[in-house]
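Everything on this sheet refers to the single structure shown next.
Read-outs: derived from the displayed coordinates by stated rules, not from any lab. Everything quoted here is computed from the prediction, not taken from an experiment. Note that each Cβ is placed from the backbone with ideal geometry, even for glycine, and that neighbours are counted across all protein chains shown.
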Amino acid sequence: MESKRILNISLWMGALLLINIIWANVATNEASQQLNDRGFEFQPERQVSLQAVFGSDAELPITITTEFVHRDDSTRSANASWKLIDSSNNVVLDWAGLTNEIVMIDAELPPGEYTLNTTVDENVIAIQNLDVAPFAPIAIHGHILLSLLLVVVAFGESATRAFIAKRLEENEIKENKPREFRKARVGMPEVDGHDENDDSPWREPIKL
């Protein structure tokens, strides 16, 4: 019995570890938005939407990756710049430099609608991507909630098994009780087990 209990606890601990590992991977996943890229028409103004999850208003971690390359000569330098503007027309992020630079800017911004304004010289290809981890702000809350739910399920499962075992044991004791100590059941005489020789009007008819 003790070894079975240890095995059961070990299985639940393994499940707790597994579910937290899965949630950790989910919380770190990033959703990517392609803003400008090769083979697509350059758009100097792109709308960026940062959506909250489960109603959270916490700031979302984002990464904006940009690269500008001259169309005719990849080694040629040209000017390029961009600005990320929020719904109140405030510049929250910006960058200015030359082509042939891969720039990655990390930031945390509240959910909302933004506009990316990009300015480049002639014949410059813009490659711009925005990555956001929508579940990162609630990662800790998710670990706590999932762990509590698993504990509740574990105790509920143990309580249910104990209840079922108790009922089965009670039924077994009742079935093993001598007939004279059993509680009489109310119903038809043939169900109650009346003796065939009884003069009761409920006795079975005489068979020929």
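List of remarks:
- Stokes-Einstein translational diffusion, the stretch 87-159 - Kirkwood Rh over all Cα pairs, 0.890 mPa s, 25 °C, in µm²/s: 144
- Amide hydrogen proximity for ASP37: with H placed 1.01 Å from N in the peptide plane, the residues at 5 or more positions away or on another chain lying under 5 Å are GLN128.
- Separation of alpha-carbon centers, the stretch 65-107 and the stretch 1-38, rounded to whole Å: 37
- Taken one residue at a time, the phi angles of the stretch 67-78 give Karplus couplings (6.51, -1.76, 1.60, θ = phi - 60°) of 8, 10, 10, 5, 5, 8, 9, 5, 8, 7, 9, 8 Hz. Gly and Pro are set to x.
- Karplus-derived 3J(HN,Hα), 6.51/-1.76/1.60, for each residue of the stretch 26-43, Hz, glycine and proline x: 5, 5, 8, 5, 10, 9, 9, 10, 8, 9, 9, 7, 5, x, 10, 5, 5, 10
- For ARG71, distant residues with modelled amide H under 5 Å away: VAL124, ILE125
- 5 angstrom amide H check on GLU101, placed H, neighbours 5+ away: PHE68
- For the stretch 83-150, the set of GluC sites (Glu not before Pro) satisfying both a DSSP loop assignment and a count of at most 12 other C-beta atoms within 10 Å is given as GLU122.
- The phi torsions of the stretch 8-14, fed into the Karplus equation with coefficients 6.51, -1.76 and 1.60 and a -60° offset, translate into couplings of 5, 5, 5, 5, 5, 5, x Hz, rounded to whole numbers, with Gly and Pro shown as x.
- For the stretch 30-134, a simple Cβ point-charge model (Lys and Arg +1, Asp and Glu -1, everything else neutral) yields a dipole of about 160 debye relative to the Cα centre.
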